[in-house]
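For reference, the structure discussed in these notes is given below.
The values are calculated or read from the model by the stated rules, or taken from the named source; none is laboratory data. All values derive from a computational prediction rather than experimental measurement. Glycine gets a Cβ as well: all are built from the backbone with ideal geometry, and neighbour counts include every protein chain shown. Ligands, DNA and RNA are stripped out before the accessible areas are found, and what is left, the full protein with its side chains, is counted by its heavy atoms. Shrake-Rupley method; radii C 1.70, N 1.55, O 1.52, S 1.80 Å.
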Amino acid sequence: MPSKSDVTMPGISADELDKTKDVYRSLQEKLEYLFDSLAREKINLELQMIEAKKFKLAVDSASDNIVITDSMGTIFYINKATENNTGYAFNEVVGKNPGELWGGKMKPEYYAEMWHKIKVKKEVFVGQFENVRKNGEKYIAAVDISSVLDEYGEILFFVSIERDITREIMIERMKDEFVGLASHQLRTPLTGIKWFSELLIRNKYNNLNAEQLDFLEQIKISNQRMVKLVNELLDISHIETGQKFEIKKADFKVNDVLNEVLTENISLIKTKTLNIINKIPDNLLIFADYVKIRQVLSNLVSNATKYSPANKDINISVVPDDGKGFAVISVADQGMGIPAAQKSRLFEKFFRADNARIQEPNGTGLGLYIARELIRAHGGELWFESDENKGTTFIFSIPLKIN
Ligand code: ADP
């Protein structure tokens with residue numbers, strides 16, 4: 001409690017002395033508060049520095065290349081992985097542009113697209129670069145470049161994360177070449193088995209009993225499955241090695257193909273007593289490759305029958321013209337559907353949904369992937385709508401007959 005001063009000083013009244021003491025005391029309190037805040041601030045700064053050091057250490061020792069540039073692409077940071085991968089030391093790259101070092105080997109349009117994405121749209125660029133190490137060796141990098149913006153949305157710097165995928169790409173190429181070669185070699189013996197088993201099944205000389213004929217039927221079915229797989233693998237290696245499908249276009253009736261496909265699936269349709277409702281008008285003509293469209297419809301119809309329980313409908317219909325000269329054809333079933341969580345993976349090669357695997361162990365997960373590529377090779381698109389346990393509709397667009 002402040003008390004009136006009982007000490008007097010010459011020329012200064014007791015009141016004045018008290019006021020001076022009050023001022024001094026409040027000053028002392030403020031100073032103490034200030035020192036306190038400063039001490040706290042110092043601790044905070046030290047903690048932040050520890051955090052920053054930890055963060056730098058993590059970035060420094062990350063296994064992917066991390067490169068940070070200013071808004072003009074001038075490098076001010078690379079991590080150790082970048083030094084190891086490119087062969088350039090930190091001091092050699094700072095102040096330079098990646099284009100003068102390991103980059104700059106792609107077509108100018110590719111870089112223009114990259115700059116547009118990160119600088120104008122301020123979005124993440126995801127791509128692949130063919131770069132060159134300091135020792136002249138080429139390498140392929142999978143790259144993500146993000147722009148870091150300030151509070152006004154202006155670019156502060158770019159962070160590029162690169163992974164050397166040269167080995168993966170080489171292995172992938174070798175695998176595709178191997179699959180292509182092996183499938184080719186398998187075709188000839190499989191065709192032999194097909195011909196001779198069919199010849200025996202026809203039982204021309206009546207010297208086979210029912211059991212032997214049944215065995216032969218099993219050989220034929222297994223062989224057909226093998227032929228289908230080999231053909232699918234060949235298609236895959238075709239797609240993966242970047243070769244274009246040879247599309248031989250002609251006008252033909254959709255129903256001609258469809259009838260062939262339905263006949264091919266007739267035994268399962270009958271066993272499951274499925275109700276096929278074909279609403280495609282008989283005069284619907286498309287301009288496409290007959291064999292390839294047969295392959296697509298065969299995949300969609302056989303899936304609809306395979307993945308439907310008994311006594312359900314399969315509806316095949318068309319929206320004849322989407323205004324762009326395409327017919328939009330759909331195959332709808334009332335089957336098991338596709339689990340919501342797995343829909344995004346449906347067109348991945350070898351992917352099979354969990355419910356399909358359980359119910360139908362035989363399957364490759366290749367048909368749909370190929371079907372979509374075949375439709376795309378015609379300039380169309382293939383997609384689907386599905387509700388688990390309710391059904392699935394596959395839809396594709398295909399050029400109509402040119403008038
Ligand atoms: P496969 O039928 O040999 O497994 P596909 O590539 O034709 O290969 O199909 C891939 C997967 O897509 C199937 O395994 C299944 O999970 C799912 N699928 C395709 N069609 C249907 C359908 N009509 N109903 C439910 N699931 C389907």
Length released on extending from SER344 to TRP383, taking residue separation times 0.36 nm less the Cα-Cα span: 12.9 nm
Loop chymotrypsin sites (Phe, Trp or Tyr not before Pro), the stretch 224-297 (other Cβ atoms within 10 Å of the site Cβ: 16 or fewer; DSSP): PHE245
Carbon + sulfur, % of accessible area of the stretch 249-399 - ligands and nucleic acids excluded, 1.4 Å: 51 percent
Net length gained if the chain between ARG167 and GLN128 were fully extended (0.36 nm per residue, minus Cα distance): 12.7 nm
Residues listed by number, the stretch 357-393, amide nitrogen under 12 Å from THR241 label point at 7 Å toward C-beta: none
Listed residue (ILE338, ASN278, LEU300) projecting farthest to the positive dipole end of the stretch 263-366, Cβ model: ILE338
Value of Rg/Rh across the chain [Cα atoms, Kirkwood radius]: 1.28
Whichever lysines have a C-alpha closer than 19 Å to that of LYS279, once near sequence neighbours (fewer than 8 apart) are set aside: LYS253, LYS312, LYS401
GNM flexibility winner over the chain from TYR139, TYR77, TYR24 (Cα, springs under 10 Å): TYR24
Surface per residue (accessible, 1.4 Å probe) for the chain, Å²: 62 Å²
Rounded percent of accessible protein surface that carbon and sulfur make up, the stretch 14-58, 1.4 Å probe: 66 percent
Heavy-atom accessible surface of the stretch 71-115: percent carbon and sulfur, 1.4 Å: 58 percent
Among 227-238, 25-36, the order from most to least packed when residues are scored by Cβ within 10 Å on average: 227-238, 25-36
Estimated 222 nm signal from helices in the chain, with DSSP H stretches of n ≥ 4 weighted -39500 (n - 2.57), rounded to 500: -15500 deg cm²/dmol
Computed lengthening from ALA62 to GLU137, 0.36 nm per intervening residue step minus Cα-Cα distance: 24.8 nm
